[in-house]
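Quick one: structure below, then a few questions.
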Amino acid sequence: MSTAATATSTTTVVAGKAVACRPHCGACCTAPSITSPIPGMPDGKPAGVRCVQLGDDQRCLIFGRPERPAFCGGLQPSTDMCGDSRTYAMHWLAALERATAPDN
């Protein structure tokens with residue numbers, strides 16, 4: 001798998017087919033919890049909370065910059081995760097969050 005990135009978007013090539021971030025989505029910047037520091041969110045963010053680095057256009061404001069958490073770079077668009085809508089992606093990521101959350 002190869003990934004090509006620009007300053008504001010990601011395209012992942014899977015089995016010869018490009019999967020790009022959906023414009024105005026931002027599901028991967030809202031649904032999951034992030035435990036590492038984010039500029040403006042020094043303690044990370046809880047699941048379901050919009051990242052402060054998510055712009056009005058639903059694009060990451062720190063994409064490609066060193067202060068972007070490694071977790072964020074690890075989330076790459078895929079048909080499994082993104083489905084056919086932002087709603088699908090939010091549900092898929094929320095289910096993944098629940099499945100991987102530490103026991104309380």
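The values are calculated or read from the model by the stated rules, or taken from the named source; none is laboratory data. Model, not experiment: these values are computed from the prediction. Note that each Cβ is placed from the backbone with ideal geometry, even for glycine, and that neighbours are counted across all protein chains shown.
Please specify each residue of region 31-47 satisfying the condition of being touching a helix residue (DSSP H, G or I) at 6+ places or on another chain (Cβ under 7 Å) and either within 18 Å of TRP92 (Cβ to Cβ) or β-branched (Val, Ile, Thr) (or both).
Hits for region 31-47 are ALA31, PRO32, SER33, ILE34, ALA47.
Filter region 39-95 down to residues that are of a type in the set (D, E, K, R), surrounded by fewer than 16 Cβ atoms within 10 Å (Cβ to Cβ) and farther than 15 Å from CYS21 by Cα, then give me how many there are.
Of the residues in that region, 5 qualify.
Still on this structure: Counting only residues that are assigned to a helix (DSSP H, G or I) and of a type in the set (D, E, K, R), which one in region 76-104 is nearest to ALA27 (Cα to Cα)?
Checked region 76-104; the qualifying residue nearest to ALA27 (Cα to Cα) is ARG86.
Mind listing whichever residues of region 68-91 are among the hydrophobic types (A, V, I, L, M, F, W, C) and in contact (Cβ under 8 Å) with a residue 40 or more places away in the chain?
CYS72, LEU75, MET81, CYS82, ALA89, MET90 - these are the residues of region 68-91 that are among the hydrophobic types (A, V, I, L, M, F, W, C) and in contact (Cβ under 8 Å) with a residue 40 or more places away in the chain.
For residues that are over 12 Å from GLY26 (Cα atoms) and either part of a loop (DSSP other than H, G, I, E, B) or among the aliphatic types (A, V, I, L, M) (or both), tally how many sit in region 42-75.
Within region 42-75, residues that are over 12 Å from GLY26 (Cα atoms) and either part of a loop (DSSP other than H, G, I, E, B) or among the aliphatic types (A, V, I, L, M) (or both) number 14.
Pairs needed: first member in region 39-63, in contact (Cβ under 8 Å) with a residue 40 or more places away in the chain and at negative phi; second member anywhere, outside any loop (DSSP other than H, G, I, E, B) and of a type in the set (Asp, Glu); C-beta distance under 8 Å; at least 6 residues apart or different chains.
ALA47/GLU97
Answer yes or no: is there a residue in region 8-17 that is among the polar types (S, T, N, Q) and modelled with pLDDT of 95 or more.
So far as region 8-17 goes, no, none of its residues is among the polar types (S, T, N, Q) and modelled with pLDDT of 95 or more.
May I ask you to list the residues in region 70-102 that are closer than 17 Å to ILE34 by Cα, touching a strand residue (DSSP E or B) at 6+ places or on another chain (Cβ under 6 Å) and not hydrophobic (A, V, I, L, M, F, W, C)?
Matches in region 70-102: GLN76 only.
Moving on to the next point. Sort out which residues of region 26-38 are in contact with a Leu (Cβ under 9 Å, 6 or more places away or on another chain) and part of a loop (DSSP other than H, G, I, E, B), and write them in order of number.
Those that are in contact with a Leu (Cβ under 9 Å, 6 or more places away or on another chain) and part of a loop (DSSP other than H, G, I, E, B): GLY26, THR30, ALA31, PRO32.
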